[in-house]
Each structure stands twice: as structure tokens, then as C-alpha cells.
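Undergrad: Handing you a structure now.
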Amino acid sequence: MKIFDSHAHYNNPQFDEDRDYLLGEYLQEQGVQYVMNAGADIESSKAGVLLSEKYPFMYASVGVHPHDVKSMTDESIQILRELSKSKKVMSIGEIGLDYHYDYSPRDVQKHWFLEQLALAKEVDLPVMIHSREADQDTFDILKSNNVENGVIHCYSGNKELAREYVKRNFCIGIGGTLTFKNARKTVEVVEDIPLHNIVIETDCPYLAPVPYRGKRNNSSYLTHVIEKIAEIKNITQEEVAQTTLENAKRLFRIN
Ligand code: NI
């Protein structure tokens, strides 16, 4: 089985002790063929680009998460613009809105979300969207700015909204939360939308699937997410892995 992990944070300190082993040999031995490292601030965006330049199977997305946009300046946009010139940078993100924690004021979140969407348009890259308890505002902003190329990472909305995203050509990111006991809404989303629009993701080191829930996540655990999607859609695990891999390659324009 060949796997594309469309959203991971291997720059995270939780990987300090065995990062080289995981990225240098272990994950590929487990069938992980591609990894997209997601930036969450300027430092992690830079670190992701360095990882992608070191490991051929890794790619990078650069951007500032809504938690951290309160410290953004115009210079941050300039740094992201420069980083986006690397051959391995295939996406802008994770960017978006987070009304669960509200670590940055909402008007500030919206301002820098718009600025980073404009950057994505300028450099012609797809967007990786983080949205938590901000479903309607996120959708409205993407729609009114005619954004049609991207992924809603760790999708937590309902199936009706997922359908709207699918109509707009978005991919829906599905990860470990699908295997949790309270995943009814996400199970419905997976049932409802075409496999063609689903990409799989760990968000590692966070959100490990059952039976590893609460432990450090890594891309090889995606087999448990694949198994669950196959069960819900009544297709083979091989088809889930292969199609989601092709979807992610199409999304991020990887040949
Ligand atoms: Ni993430």
C-alpha cells in the first residue's frame, strides 16, 4: 500500500529524538510515499522547507496558523513569499480561522487570512485551510475570494458544507479523528462525498488514530484511517490508499 500523508508537522520537537530515522528510512519502509509538512508559523515554515530539501519524499506548505497571526507583519508575508519560491513548496498554509481558542482576535485572524489567500493567488499555489468553529466565515471568505484550489484540513464540519466545498473543487482532509468514538459527523461526511475529493492526513504528532489515540502520531498510522474509510465506503483499502494518493498529487500538483 502506498500512502500520501497530506498534513504533518515533522518539525515538531516531539520528533527530535528519532526524526532522521523516521524520515530517512522507517516511514518509506512502511509504504509512506509522500509527506506534506504543514507550516504553522514562520519558524515551522522555514523548518519544513529545510526538511523537504533534505528528504526527497517530503514537500512543504508555508503559512501562519490563526493562533499565531497576531504577531504577523508585512515582513512575515515577504518571508513566506520568499519561501514559496523553493521547488518543494507546493501550498500555502495552514491558514484560516480558529474561533475555538481565539488566540488571535477575530478581526486580526480575518485580516491575515485574506493577506495569505492573496499571497497564494499571487504565487499560484493551492491553500491548506484550518477552520475550527468558524465554518461559515471560512466558507464565505473562500467563496467571496474565488478560491477554488485547496484542502480543508482535518475537516470537522457537516456533510452539507462538505458538499459545497466539493462543488468548489476542494479536497477534504480526513485523519485520525475519523476513528474516534464520537466521529458520527465525520463518518457521514466520508459516506457522502466522493473518494475523488478525500485526502488523508495525520496532523502528526497530534491526533493519532485508534488504537494509538493519545500517543505520538506518525504517517505510518494512516493505515488505520485507510481501513476505516474502506469500511465506510465498502471498497478495498488498496483503492482508498491509491485514490487518496492521486488526489493529493493532483491537489499539490506533484508529478
Ligand atoms: Ni496541523
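The values are calculated or read from the model by the stated rules, or taken from the named source; none is laboratory data. All of these numbers come straight from a predicted model, not from anything done at the bench. Positions of Cβ are backbone-derived with ideal geometry, glycine not excepted, and every protein chain shown enters the neighbour counts. Note: accessible area is taken over every heavy atom of the protein model, side chains too, but ligands, DNA and RNA are not part of it. Shrake-Rupley method; radii C 1.70, N 1.55, O 1.52, S 1.80 Å.
Undergrad: Let me check something: with ligands and nucleic acids excluded, how do R253, R81 order by accessible area (1.4 Å probe), largest to smallest?
TA: Working: R253 110, R81 60 Å².
Reading off the accessible areas and sorting them downward yields R253, R81.
Undergrad: Based only on Cα atoms, what Rg/Rh ratio does the range 1-90 have, Rh being taken as Kirkwood's radius?
TA: Working: Rg = 13.5 Å, Rh = 13.5 Å.
Answer for the range 1-90: 1.00.
Undergrad: Follow-up. Would you mind telling me the share, in percent, of accessible area of the chain contributed by carbon and sulfur at probe 1.4 angstrom? If you can, show how the numbers build up before the last one.
TA: Working: 5240 of 11220 Å².
Taking all protein chains in place, the chain shows 47 percent carbon and sulfur surface.
Undergrad: If you don't mind, another one. If the chain between Y99 and I79 were fully stretched, how many nm would it gain, using 0.36 nm times the residue separation less the Cα-Cα distance?
TA: Details: separation 20, 0.36 × 20 = 7.20 nm, distance 2.61 nm.
My answer for the length gained is 4.6 nm.
Undergrad: Right, next: Between E227 and N255, take the C-beta separation as r, use R0 = 30 Å, and let me know the FRET efficiency to the nearest 0.05.
TA: 0.55
Undergrad: By per-residue mean of other Cβ atoms within 10 Å, what is the highest-first order of 225-233, 168-176?
TA: Details: 225-233: 19.1, 168-176: 23.0.
In descending order of packing, they fall as 168-176, 225-233.
Undergrad: Give me the extension gain from E188 to Q242: residue separation times 0.36 nm, minus the current Cα-Cα distance, reported in nm with one decimal. Spell out each step's value before the answer.
TA: Values: separation 54, 0.36 × 54 = 19.44 nm, distance 2.16 nm.
The span from E188 to Q242 would gain 17.3 nm if fully extended.
Undergrad: Let me ask something else about it. Which value in nm describes the separation of the simple spin-label points at K167 and N145, placed 7 Å from the Cα toward the beta carbon?
TA: 2.1 nm
Undergrad: Could you sort the peptides 139-150, 60-71 by per-residue average Cβ neighbour count (10 Å cutoff), highest mean leading?
TA: Values: 139-150: 15.9, 60-71: 24.3.
Result, highest mean Cβ count within 10 Å first: 60-71, 139-150.
Undergrad: How big is the range 44-101 in terms of Cα radius of gyration and Dmax, in angstroms?
TA: Rg, Dmax (Cα atoms, Å): 12.0, 36.
Undergrad: Keeping all protein chains in place, calculate the accessible area per residue for the chain (probe 1.4 angstrom), answer in Å². It would help to have the intermediate numbers written out before the result.
TA: Working: 11220 Å² over 255 residues.
Computed with neighbouring chains in place, this is 44 Å² per residue.
Undergrad: Right, next: Under 27 Å between alpha carbons, and skipping anything fewer than 8 positions from K143 in its own chain: which lysines qualify?
TA: K70, K85, K110, K121, K159, K167, K185, K249
Undergrad: I want to check the label-to-label distance for N234 and Q136. Put each point 7 Å from Cα in the C-beta direction and report it in nm to one decimal.
TA: Reported label-point gap for N234 and Q136 is 3.6 nm.
Undergrad: Here's another thing I want to ask about it. I'd like the FRET efficiency for H111 and M1, computed as 1/(1 + (r/R0)^6) with the beta carbon distance as r and R0 of 41 Å, rounded to 0.05.
TA: Numbers: r = 42 Å, r/R0 = 1.03.
The formula returns an efficiency of 0.45 here.
Undergrad: Ranking request for peptides 234-247, 45-58: highest mean number of other beta-carbon atoms within 10 Å first, then the rest in descending order. Kindly include the intermediate steps, with their values, before the conclusion.
TA: Numbers: 234-247: 17.1, 45-58: 19.3.
The most tightly packed comes first, giving 45-58, 234-247.
Undergrad: Can you give me the distance in nm between label points at K54 and Y212, each placed 7 Å from the Cα along the Cα-to-Cβ direction?
TA: Taking the simple label geometry, K54 and Y212 are separated by 2.0 nm.
Undergrad: Under the rule of at least 5 residues apart or a separate chain, name every residue whose amide H is placed under 5 Å from the amide H of C204.
TA: Hits under the 5 Å cutoff: H9.
Undergrad: Distance from a point 7 Å along Cα→Cβ of Q14 to each backbone N in the range 197-212: keep the residues under 12 Å and list them by number.
TA: The answer is 202-209, 212, whose backbone nitrogens lie closer than 12 Å to the label point.
Undergrad: Net charge near E53: determine it from the other residues with C-beta under 12 Å of the C-beta of E53, scoring Lys and Arg +1 and Asp and Glu -1. Can you show the working numbers first?
TA: Values: positive: K46, K54, K87, K88; negative: none.
That sum, taken over residues with Cβ under 12 Å, equals +4.
Undergrad: Calculate how large, on average over all directions, the projected area of the Cα convex hull of the chain is; give the answer in nm² to one decimal.
TA: Details: hull surface 48.3 nm².
Averaged projected hull area, Cα only: 12.1 nm².
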